[in-house]
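Undergrad: Shown below is the structure under consideration.
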Amino acid sequence: MKLIFLGPPGAGKGTQAQRIEEAYDIRQLSTGDMLRAAVAAETEIGKQAKDIMARGDLVPDEVVVGIISDRIEQADCKNGFILDGFPRNVAQAEALDAMLVNKNIALDAVIELAVDPDVLIGRILKRAEESADGPRADDTEEALQHRLRVYEEQTAPVAEFYASKGILKTLDGMQEMDEVTQQINAVLKEI
Ligand code: ADP
């Protein structure tokens with residue numbers, strides 16, 4: 001099963017992706033997690049991404065497209081994958097399309113978690129407080145506002161891109177976490 005999870009920061013994509021990863025034995029591929037690991041390891045990509053991420057801007061498309069292209073070919077993705085945090089703008093969605101055609105892979109569904117923007121800042125600040133690793137560099141109020149703006153301007157159009165292909169499923173991300181999981185399972189049963 002090959003899936004994309006879409007939704008603003010704080011929508012619950014990561015939590016849901018982890019649950020689906022276990023239930024279906026497919027890999028969650030979070031570009032945010034991979035980039036944070038690169039920053040921590042001080043690789044070339046990490047050095048390039050560090051300040052961009054701290055401000056809440058997007059790292060260059062070719063960086064994340066390259067990461068995903070390599071990653072989905074690895075053996076642990078043979079049952080499928082969930083792209084979490086990618087694609088984040090229409091150019092990335094187009095690059096992904098071309099990449100998948102090239103690799104002869106078809107997407108099964110794009111699942112969007114719709115959440116009222118007013119609750120997002122509160123959710124993220126709470127998550128930051130509760131995180132065992134402490135807050136992320138981009139969890140400041142200023143970077144957060146910027147991340148939400150970037151989402152509205154650049155990522156929201158990605159939903160329309162997949163809607164026009166007929167594979168977008170929009171779910172209500174304001175429900176209880178277990179409810180959302182159930183709805184995702186219902187969608188996955190149908191494909
Ligand atoms: P969020 O909680 O904001 O959704 P992520 O962990 O998905 O956070 O991403 C954190 C940061 O990593 C982003 O603000 C951006 O700087 C960078 N990033 C992650 N994925 C991408 C991507 N597909 N394209 C560009 N930048 C990305």
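Undergrad: Out of everything in segment 153-171 that is more than 21 Å from Asp108 (Cβ to Cβ) and in contact (Cβ under 8 Å) with a residue 12 or more places away in the chain, what residue ends up being least open to solvent (accessible area, probe 1.4 Å)? Explain how you work it out, then say what you get.
TA: We begin by selecting, within segment 153-171, every residue more than 21 Å from Asp108 (Cβ to Cβ); these are 153-154, 156-157.
When the remaining residues are screened for being in contact (Cβ under 8 Å) with a residue 12 or more places away in the chain, the result is 154, 157.
Working: Gln154: 72, Pro157: 41 Å².
Filtering segment 153-171 for residues that are more than 21 Å from Asp108 (Cβ to Cβ) and in contact (Cβ under 8 Å) with a residue 12 or more places away in the chain, the one least open to solvent (accessible area, probe 1.4 Å) comes out as Pro157.
Undergrad: Moving to a separate point now. Among the listed residues Ile52, Ile124, identify the single one that is without any contact (Cβ under 8 Å) to a residue 24 or more places away in the chain and near the ligand (Cβ under 8 Å from one of its atoms).
TA: Working: Ile124 fails: without any contact (Cβ under 8 Å) to a residue 24 or more places away in the chain.
Every option except Ile52 fails the conditions.
Undergrad: Return yes when Arg71 is among the basic types (Lys, Arg), surrounded by fewer than 22 Cβ atoms within 10 Å (Cβ to Cβ) and within 24 Å of Leu144 (Cα to Cα) and no when it is not. Show your work before the answer.
TA: Numbers: among the basic types (Lys, Arg): yes; surrounded by fewer than 22 Cβ atoms within 10 Å (Cβ to Cβ): yes; within 24 Å of Leu144 (Cα to Cα): no.
Answer is no for this residue.
Undergrad: With the condition being of a type in the set (D, E, K, R) and under 17 Å from the mean Cα position of the chain (by Cα), I'd like the helices (runs of 4 or more DSSP H) fully within segment 113-191 carrying at least 2 qualifying residues.
TA: Details: elements: 117-130, 141-150, 156-163, 177-189.
Filter on segment 113-191 gives 117-130, 141-150.
Undergrad: While we're on this one: Restricting to segment 58-93, what's the tally of residues that are in a helix (DSSP H, G or I), of a type outside the set (A, V, I, L, M), more than 8 Å from the ligand (Cβ to nearest atom) and under 16 Å from the mean Cα position of the chain (by Cα)?
TA: Count: 3.
Undergrad: Considering only residues that are in contact with a helix residue (DSSP H, G or I) (Cβ under 9 Å, 6 or more places away or on another chain) and more than 17 Å from Glu112 (Cβ to Cβ), look in segment 1-27 and name the one that is least open to solvent (accessible area, probe 1.4 Å). Even if it seems obvious, please write down each step before you answer.
TA: Filtering segment 1-27 down to residues in contact with a helix residue (DSSP H, G or I) (Cβ under 9 Å, 6 or more places away or on another chain) leaves 1-12, 14-16, 19-20, 23-24, 26-27.
Restricting the remaining residues to those that are more than 17 Å from Glu112 (Cβ to Cβ) gives 23-24, 26-27.
Working: Ala23: 76, Tyr24: 76, Ile26: 2, Arg27: 59 Å².
Going through the qualifying residues, I end up with Ile26.
Undergrad: Taking the conditions exactly as written (at pLDDT 95 or above, open to solvent by less than 60 Å² (accessible area, probe 1.4 Å) and near the ligand (Cβ under 10 Å from one of its atoms)), does Gly46 satisfy them or not? Steps first, answer last, please.
TA: Working: at pLDDT 95 or above: yes; open to solvent by less than 60 Å² (accessible area, probe 1.4 Å): yes; near the ligand (Cβ under 10 Å from one of its atoms): no.
It is false that Gly46 is at pLDDT 95 or above, open to solvent by less than 60 Å² (accessible area, probe 1.4 Å) and near the ligand (Cβ under 10 Å from one of its atoms).
The values are calculated or read from the model by the stated rules, or taken from the named source; none is laboratory data. Just so you know, these numbers come straight off a predicted model, no measurement behind them. For neighbour counting, all protein chains shown are included, and Cβ atoms are generated from backbone atoms with ideal geometry for every residue, glycine included. Accessible surface areas use protein heavy atoms only, side chains included; no ligands, DNA or RNA. Shrake-Rupley method; radii C 1.70, N 1.55, O 1.52, S 1.80 Å.
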